[in-house]
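Since the structure comes first, as structure tokens, the remarks are kept for the end.
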Amino acid sequence: MPMSKDEIFDKVRATLVDALSVDDDDVRADATVMGDLGAESIDFLDIVFRLEKTFGIKIPQEELMPRDILQNPDYVVDKKLNAAGLAALKKAMPHADLTNFEKSPEIDRLAEVFTVGAIVKFIEAKLASK
Amino acid sequence: MRWIWFDRFVEFESGKRAVAVKNVTLAEDHLHDHFPGYPIMPHSLMIEGMAQTAGILVGEARGFSEKVILAKVKRAEFFTLVRPGDTIRYQATVDGEVTASGASTTGRIFVGEEPVGEVDLVFSHIDKNMSGLEFPEENFVFTGEFQALLKTYRQQGGAKVAL
């Protein structure tokens, strides 16, 4: 039987609580992993290893955070994504809600789209395709 | 290159598990400061010993081609003190496998049969994870000096040395 969204959320929450030493209550679906939960870039590596173990999946780094798009000069102009870059990002990150980011697509703001909900959605899709 | 906090690998299973030993001796300067009249092995240096044991385990898995750095101490817990004359055993296990980005490891520390501590770590292959930043071409983690030491150990250690 496939795991329900609530079960996935609970496991993601437990992972983030362990990895970032935050309280259960802080890990809400709309919390941003870096802004609200205080994760640093190096924590992502830890979180990815823990999620792989918890869910028995492989998470290639490029799938969660498509760096190649952010470094592609065809897509990034003055530290902002252009229309083509935004389209590529949407395709590469179907798990993230880019509504707010789109309004001012500065790459420095991309951290804001990494919410707990986005991770849950990412895992859900991964498990479904397993 | 003198900053090596274990003496020898006694078990080594590539990409999976390694056990290293360290003999603690009163000839080591730091024990006279930690603490004067009460020499005990600092727990911080045992974290370093585990980081080196596990870090070499992670590095060897890719032929020492990656710059493996300690990214995070996930957990470090100690239960007892280690004194001069003790032999520390660092047991490091890779969680799952070494991936393109790095590895997570579980570590157990013993003196004889007695558990001393538990140190779980995360290692990063920095060239893969800090894209955008420039690092020197040469491998400053596994240096030529390190490789030379390893070669000597391998040639002369015979059956005693597992790596």
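Extension gain for the segment residue A:130 to residue A:97, taken as residue separation times 0.36 nm less the Cα-Cα distance, is 9.6 nm to one decimal. The alpha-carbon positions of segment A:66-111 define a convex hull whose volume is 67 Å³ per residue.
Under the simplified labelling scheme, the residue B:32-residue A:62 pair shows an inter-label distance of 5.6 nm, with each label point 7 Å from Cα along Cα→Cβ.
Its Cα gyration tensor gives the protein assembly as shown an equivalent ellipsoid, and the semi-axes of that ellipsoid, as √(5λ) in whole Å with the largest first, are 40, 22, 18.
A simple charge model with +1 on the Cβ of Lys and Arg, -1 on the Cβ of Asp and Glu and nothing else charged puts the dipole of the protein assembly as shown at about 840 debye relative to its Cα centre. Here the Karplus curve 6.51 cos²θ - 1.76 cosθ + 1.60, taken at θ = phi - 60°, turns the phi angles of segment B:106-112 into couplings of 10, x, 10, 10, 10, 10, x Hz, with x standing for Gly and Pro. At q = 0.18 Å⁻¹, work out log10 I(q)/I(0) for segment B:8-157 with the Debye formula, treating every Cα as an identical point scatterer and leaving solvent out; two decimals please. Reported log10 I(q)/I(0), two decimals: -1.10.
Mind telling me which of B:29, B:95, B:127 comes out most flexible in a GNM of chain B, alpha-carbon contacts under 10 Å? So, out of B:29, B:95, B:127, the one fluctuating most is B:29. At an R0 of 41 angstrom, the distance between the Cβ atoms of residue B:162 and residue A:104 translates into a FRET efficiency of 0.15.
Among B:18, B:148, B:92, the residue with the largest mean-square fluctuation in a Gaussian network model of chain B, with springs joining Cα atoms closer than 10 Å, is B:148. As a ratio to 2.2 N^0.38 Å, the alpha-carbon radius of gyration computed for chain A takes the value 1.05. Note on residue B:127 and residue B:93: the model spin-label points, each 7 Å out from Cα along the C-beta direction, lie 3.1 nm apart.
In chain B, a dipole from Cβ-located charges (positive for Lys and Arg, negative for Asp and Glu) runs towards its positive end, and of B:44, B:81, B:144 it is B:144 whose Cα lies farthest in that direction.
Among B:11, B:137, B:66, the largest mean-square fluctuation in a Gaussian network model of chain B (Cα springs under 10 Å) belongs to B:137. Given R0 = 25 Å, the distance between the Cβ atoms of residue A:53 and residue B:65 translates into a calculated FRET efficiency of 0.50. Evaluating 6.51 cos²θ - 1.76 cosθ + 1.60 at θ = phi - 60° for every residue in segment B:135-150, the Karplus couplings come out as 10, x, 4, 6, 7, 7, 8, 9, 6, x, 5, 4, 4, 5, 4, 4 Hz, glycine and proline recorded as x.
All of the numbers you see were taken from the coordinates with simple rules; none came from a lab. Note that the structure is predicted; figures quoted are calculated from it, not measured. Cβ sites come from the backbone with ideal geometry, for glycine too, and all protein chains shown count toward neighbours.
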